[in-house]
Each structure stands twice: as C-alpha cells, then as structure tokens.
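Every number here is computed from the coordinates shown, using simple stated rules; none is lab data. What you see is a predicted model, and the numbers here were worked out from it, not measured in a lab. Please note: Cβ atoms are built from the backbone with ideal geometry, for glycine as well, and neighbour counts cover all protein chains shown.
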Amino acid sequence: MELCDLSALDISKMLRSRQTSALEVVDSCLARISKVDGRPGTLDSSPETQEDTRKVHAFISLMPDEARARARDIDKQFAAGEEPGPLGGIPFTVKDIFCVKDTPSTAASRILANFVSPYTATPVERMLKAGGISLGKVNLDEFTYGSSSESSAFQPSPRNPWDTSRVPGGSSGGSAASVGAGEAFLSLGTDTAGSIRQPAAFCGVVGLKPTYGRVSRYGLIAFGSSLDCPGPVARSAADAALMMNAIAGADTHDATAAAVPVPDYLAGLDKDIKGMRIGLSPDYFRITFPDAQSGDYLEQEVPDEIKATVLRAVEVYRALGAEIIEDVPMPNTRYGIPAYFVISRVEAASNLHRFDGVKYGYRTKSQANELKDLYRRSRGEGFGLQPKLRILMGMYVSAAQYSEQYYRRALRVRTLIRRDFESAFDPNGKYRLDALLTPTTPTTAFPMKGIYGDSVLMQYADQLTVPANHSGSPGISFPGGFDSAGLPIGLQLLGPDFSEAALLQLTHAYEKATAEADWREKRPAVLEEV
Amino acid sequence: MPEPKEDITPDVFDHLVQLAALELDGSQADYLRQELNKQLASIRELEAIKLDENLPAASHGVPYPPNHKPALREDEWETCPEAKAITAQAPQFEDGYIIVPDIPHTTLE
C-alpha cells in the first residue's frame with residue numbers, strides 16, 4: 001500500500017506528526033496517475049488504442065507543477081508550526097464543471113474548451129482555503145449530461161478502475177474513477193440526478209449528495225439550477241465528512257445556499273446508532289422503464305445480487321441496534337425519471353442559451369453573414385449531441401402550448417415526490433425514519449458503449465437516485481460488496497433535509513462493522529499491476 | 001408492431017431547431033428527433049397520474065423558510081476587478097467592444 005492509498009484523515013495525521021510531507025503525498029498521487037491514468041481527455045483525440053482501453057483516463061487537465069509548488073508551500077507552513085487548514089496537504093481533483101480561476105473550465109464541451117475562468121467556484125475556493133491541493137480537473141459527461149461519462153467531448157472518456165471495459169458512471173465519472181484508483185483522496189463532484197452517487201457506486205467509493213442549498217453552487221456551470229448539488233467523492237465516510245466540513249455553508253454569492261448552521265461532520269461519526277430508525281421501501285427494489293420496442297412500461301425487480309447486498313446491510317444495522325422499518329411507501333419513485341426529463345431539460349435549455357459564440361467560448365471559424373448565423377453555427381459546432389438533445393426537449397416541453405401539459409405537470413409531480421420523503425421522515429409521522437436504505441443503482445457498472453446513445457435507457461440508470469434531487473434531500477452512496485462479475489455494488493442512504501451528519505454516521509458505522517469482511521480486501525483491477 | 005406515435009414531426013423538429021439556434025447535419029437531426037420522441041413517450045407517463053386540482057407546483061424541493069434565506073447584500077455597485085479577464089474571453093474584442101457580424105433590422109410584430 002502506498003501513501004496515495006491511505007485515507008485523507010490518515011494522511012492528515014501523518015503530515016501533522018511529520019511522518020511524511022505534502023510533497024511526498026502529491027508525488028505518490030502523481031506516480032499513481034502516471035501508472036494508471038493514461039492520456040488525458042482531449043478534443044479531436046486520435047483513435048483509441050488497446051493500451052487506452054486498460055487505463056482510467058480520469059483527467060482533462062492535470063497540473064503537476066502547480067500541485068508540487070503548493071505542496072512545498074504547505075510543507076513550509078507545517079515546518080513553521082502554522083496550521084494550513086483541515087485539508088492541509090490533501091490532494092484532490094475537481095470535476096471540470098467548476099470554474100477555477102486562470103484554468104481551463106471546459107464542462108467537457110467543445111463550446112467551452114478555450115474558456116479560462118476569471119474566478120473560482122466557492123466549494124473549490126473553500127477546499128483551497130482549507131489547505132487542499134488541487135491536482136487538476138477531471139472528466140465528465142458533456143455539461144454533466146449523462147450517466148456514463150462517455151458523452152465528453154474530451155476523449156478518451158474515463159473508465160472504471162475495477163474493470164476498464166466498464167463505464168465509471170456519470171456524470172462525475174472522472175471524480176469517482178480518480179478517487180477509486182488512488183489518484184486523489186477526494187474529489188469535488190456534482191449531483192443533479194445521481195451524478196455523484198451513481199459513479200460512486202460503480203467505482204466502489206463514497207459519494208455524498210448534500211441537501212439542496214447545503215453547498216454553494218457559485219461557480220458551478222449550471223445544468224438544472226433547482227437540482228444541482230455539489231458534493232464530495234471520497235473513499236470513506238470520514239473523508240467525506242472532512243471535506244463537507246470545508247465546503248458546506250451559506251455563501252453571499254448564492255442566494256440558494258441556505259443559512260443553516262453547519263455541524264462538525266467529523267465530530268458525530270462515532271456516535272452509537274442504536275435506536276436509529278432505518279427504513280426499507282419496496283418502491284426502491286424495483287424499477288419501471290419503457291420497453292424500447294413497444295413503449296410499454298415494464299416493471300422489474302432489482303437484480304438478486306444487489307437486493308441481497310442491501311439485505312445483508314440491514315442485518316449489519318440491526319446487529320448494531322438500529323430499528324428496521326419495512327414497507328415504507330415511496331409510491332412516486334417511478335415518476336422521478338419522467339418528471340426529470342421535463343424539469344431538467346427546461347432548466348438546461350435556459351442555462352445553455354448563454355453560450356452563443358459572442359461573449360466567451362467557441363465561435364465558428366466559418367464566415368457568418370449575420371448574428372443569427374453566428375449563433376447557429378457556433379452552437380451547432382460547439383455543442384455535442386447530448387446538450388442539443390436537452391435544449392430541444394426543454395424548448396418543446398416549455399413551449400406555451402405544451403407547458404401546462406408537461407412542465408407545469410412535472411412540477412406538480414415533483415410535489416408528490418417531495419411528499420413521499422416528508423412522510424417517511426416526519427418526526428411525528430408513522431415511520432419517523434432517520435434514513436431510508438436502498439440500492440444506489442439498478443445495475444452495477446455497464447460495459448463501455450453498452451447503452452451510450454440510447455438517451456432514455458441511460459436516464460433510467462438514475463431511477464433510484466433522482467427522487468432525492470426532486471425532493472432536495474441528501475443521499476449518500478457507499479460500497480456494500482461486489483457482484484459475481486467483481487463489480488462494486490453501492491448502498492444508498494437517503495435522509496431528511498440537512499441530515500448529512502446522520503447519513504455519514506450511519507455509513508461510518510457500516511464501514512466499521514464490515515471492516516474485516518473479505519470483500520474489503522479486494523482492490524481495483526488497474527492496481528493489480530501497480 | 002405499430003410504429004410508435006411521433007409528436008415531434010420533421011416540421012415541429014425544424015421549428016425547434018430554429019428556435020434553439022442550432023445548425024445540424026442530417027445524421028444529427030435524425031438521431032435527435034428519434035431520441036426526442038422516445039423521451040416524450042417516457043414523459044407521457046406523467047399524464048396518467050391523477051393530480052388533485054389543488055396540488056401545488058414545486059419549483060424546488062427544499063423549503064426556504066425566512067431563517068434559511070441568506071440576508072441580501074446591500075444594493076451597492078462594486079467595480080469588477082476581473083473586467084479585463086472577462087472581456088479577454090470574447091472571441092473578438094476591439095476598443096472596448098465585443099465584435100459580432102451584422103445584426104439585420106427586424107420589425108417586431
């Protein structure tokens with residue numbers, strides 16, 4: 001085991017006791033990146049090689065010189081007896097959907113490939129202020145539009161460190177892959193329908209989608225402004241808690257960042273979970289999806305291996321003294337994806353109108369005779385297929401003649417989904433849950449190119465995660481074991497508003513209780529040759 | 001098997017493309033129209049839900065009671081220290097102006 005394989009908290013302790021230096025830690029991460037990552041994603045890249053198919057490709061822009069320089073500064077602070085902050089000396093990666101001053105901030109899109117941000121997003125700023133060391137920006141689905149990271153304009157797109165023939169999930173695929181492969185300890189991702197939790201599940205790491213408004217969205221290139229949540233990707237609940245301590249809280253630059261006091265997420269981790277109420281809902285053990293041929297809706301149980309993993313976790317929690325509440329109804333779960341198809345598209349179309357080839361970003365090289373030509377060509381050449389699809393759908397369902405039928409109706413369905421959560425977590429209600437335990441995803445990581453292009457099936461990969469985005473509720477995904485193909489299975493805990501501390505506490509309890517399990521010994525396949 | 005219903009016909013699609021200010025080649029248009037219709041088929045599931053007429057719309061999930069809302073800043077203008085860094089991003093910028101092609105005169109109806 002190398003430095004880069006330890007936890008962020010262990011590294012933090014070692015730095016403070018001078019057992020290692022920030023520079024050694026950064027060099028360990030860079031050495032791992034050099035061994036397993038392969039070439040970074042670029043525009044107009046050469047065709048994929050056999051070698052490429054064995055690498056992770058998490059990065060778009062790796063900044064080793066800047067990371068080393070910052071590590072030296074952090075080491076000087078430690079040497080001078082100064083406190084660099086709670087993330088002092090911890091290398092992290094940033095999903096390239098966040099603006100970081102003086103660096104390319106691409107959203108994995110050609111239309112922003114040349115954009116150098118003049119300011120830094122609040123969550124990144126806070127991680128840097130807390131002493132963290134950015135290693136660079138990691139790849140994602142273009143503008144976060146996808147669940148596999150394959151739609152990036154920067155190819156090769158990321159691959160799953162446990163099996164590089166599989167996707168890492170998305171859209172925070174580069175974040176989850178970089179943390180899972182030991183390239184970084186932490187990553188800043190975003191979750192609009194499951195984009196932190198689903199890749200965390202696929203890559204065998206921890207991903208926390210905070211309550212909407214818990215972490216500022218300032219500097220996040222927007223997708224669905226009522227749904228987007230920045231949050232941590234880490235290898236343990238404790239590391240995610242360490243990161244949440246840095247990034248959570250109100251922000252004068254974001255009116256939706258809630259003025260709710262931020263607890264110390266690390267302080268409560270080891271509290272006893274005895275008496276906590278954990279619910280199970282049959283509505284999270286089946287998925288409903290449209291048949292590609294007939295259009296009829298099919299209902300299917302989640303695979304046995306995934307269900308069995310959740311039920312094993314139930315026994316772990318029961319043994320720790322938690323109360324298990326079965327048959328909690330969440331009947332509107334199945335409407336999460338159809339409502340999302342409407343709401344997110346309307347918001348995406350609105351947010352993407354700003355990209356026009358005029359103020360910043362890509363402008364067509366061809367001669368445009370008038371302004372509208374310039375718009376059409378710049379947007380036509382600059383956007384990939386997935387942004388175009390979202391713009392067109394958003395415009396259709398919000399058009400005056402369809403708005404009541406689709407958009408307005410979807411917003412009302414969202415109220416129903418929210419009510420499911422309110423009922424389950426109502427402290428005076430029938431269920432009084434502290435958390436709902438579910439599978440994170442209806443499948444484990446699927447093969448590269450397996451469903452890419454089928455925008456409907458791809459969206460249904462988020463069926464168990466998207467309700468929390470509609471509701472604004474927090475959710476965490478954490479490893480629960482492996483399927484028979486050796487792929488990670490993610491467990492999800494959903495909680496009431498601003499209950500991140502309890503979700504982290506429950507996750508930490510599960511990690512401790514299963515620390516000696518055989519499956520914990522397994523390492524990502526890309527590390528076998530390291 | 002009957003052909004699935006296509007609400008987004010080629011004409012509707014072309015209108016959307018114009019509104020969206022996108023230039024597409026033929027293969028992109030075929031793919032996008034097909035996917036739009038597939039997504040619309042999924043969206044139609046919403047129409048089958050019985051909604052109480054008093055059910056309100058939710059623009060976002062988490063409520064914002066007054067004590068959760070951050071205080072508004074004073075309404076005072078501030079100089080943007082990064083103005084040059086921002087204008088430097090414009091594809092064509094000369095003498096303090098962002099340059100664009102001709103903007104034809106249009107009469108609003």
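What the table shows:
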{"read-out": "Cα gyration tensor shape of chain B, rounded if a/c is under 1.5, else prolate or oblate by comparing a/b with b/c", "value": "oblate"}
{"read-out": "Under 16 Å from the Cα of residue A:271 - lysines, other chains or at least 8 residues apart", "value": "A:512"}
{"read-out": "Under-5 Å amide H pairs with residue A:297, H placed in peptide plane, nonlocal only", "value": "A:291"}
{"read-out": "Amide H within-cut-off set for residue A:141, under 5 Å, with H built and near neighbours excluded", "value": "A:149, A:173"}
{"read-out": "Charged-residue dipole, Cβ positions (Lys, Arg, Asp, Glu), region B:1-51 about Cα centre, Debye nearest 20", "value": "320"}
{"read-out": "Vicinal HN-Hα couplings computed from phi for region A:281-287 (Karplus, 6.51 cos²θ - 1.76 cosθ + 1.60; Hz; Gly/Pro x)", "value": "10, x, 6, 9, 10, 9, 10"}
{"read-out": "Region A:436-458 versus region A:415-430: alpha-carbon centroid distance in Å", "value": "27"}
{"read-out": "Computed lengthening from residue A:405 to residue A:485, 0.36 nm per intervening residue step minus Cα-Cα distance", "value": "24.4 nm"}
{"read-out": "37 °C / 0.692 mPa s Stokes-Einstein diffusion coefficient of chain A, Kirkwood radius on C-alpha pairs, µm²/s", "value": "143"}
{"read-out": "15 Å cut-off, amide nitrogen to a point 7 angstrom out along residue B:97 Cα→Cβ, residues in region A:358-372", "value": "A:371"}
{"read-out": "Full-stretch length increase - residue A:102, residue A:50 - with 0.36 nm per residue and alpha-carbon distance subtracted", "value": "15.3 nm"}
{"read-out": "Theoretical gain in end-to-end length, residue A:82 to residue A:305 [0.36 nm per residue, Cα-Cα removed]", "value": "75.3 nm"}
{"read-out": "A:140, B:16 arranged by Cβ crowding within 10 Å, fewest neighbours leading", "value": "B:16, A:140"}
{"read-out": "Separation between Cα centres of region A:302-325 and region A:129-163, rounded to whole Å", "value": "31"}
{"read-out": "For region A:1-70 and region A:337-385, distance of Cα centres in Å", "value": "34"}
{"read-out": "For residue A:482, residues with placed amide H under 5 Å, excluding near neighbours", "value": "A:489"}
{"read-out": "Whichever aspartates and glutamates have a C-alpha closer than 16 Å to that of residue B:38, once near sequence neighbours (fewer than 8 apart) are set aside", "value": "A:291, A:296, A:454, B:3, B:6, B:7, B:30, B:47"}
{"read-out": "Estimated vicinal HN-Hα couplings, Hz - region A:335-348 in sequence order (Karplus 6.51, -1.76, 1.60; Gly, Pro = x)", "value": "8, x, 6, x, 5, 5, 4, 8, 4, 5, 5, 5, 5, 5"}
{"read-out": "At R0 = 45 Å, FRET efficiency that the Cβ-Cβ distance of residue A:291 and residue A:315 yields, to 0.05", "value": "0.80"}
{"read-out": "Lys, Arg +1 and Asp, Glu -1 on Cβ, resulting dipole of the protein assembly as shown about Cα centre, debye, nearest 20", "value": "680"}
{"read-out": "In Hz, Karplus ³J(HN,Hα) per residue of region A:498-514 (6.51, -1.76, 1.60; θ = phi - 60°; x = Gly, Pro)", "value": "6, 9, 4, 4, 5, 5, 5, 4, 5, 5, 4, 4, 5, 4, 5, 5, 10"}
{"read-out": "In nm, spacing of pseudo-spin labels at residue B:30 and residue A:31 (7 Å Cα→C-beta vector)", "value": "5.3"}
{"read-out": "Shape of region A:180-334, Cα gyration tensor, a/c cut at 1.5", "value": "oblate"}
{"read-out": "Three-way shape call for region A:185-236 based on the alpha-carbon gyration tensor, with the a/c threshold at 1.5", "value": "prolate"}
{"read-out": "Region A:352-398: trypsin sites (Lys or Arg not before Pro) in DSSP coil with no more than 13 other Cβ atoms inside 10 Å", "value": "A:354, A:365"}
{"read-out": "Computed helical MRE - 222 nm, the protein assembly as shown, DSSP H runs ≥ 4 contributing -39500 (n - 2.57), nearest 500", "value": "-10000 deg cm²/dmol"}
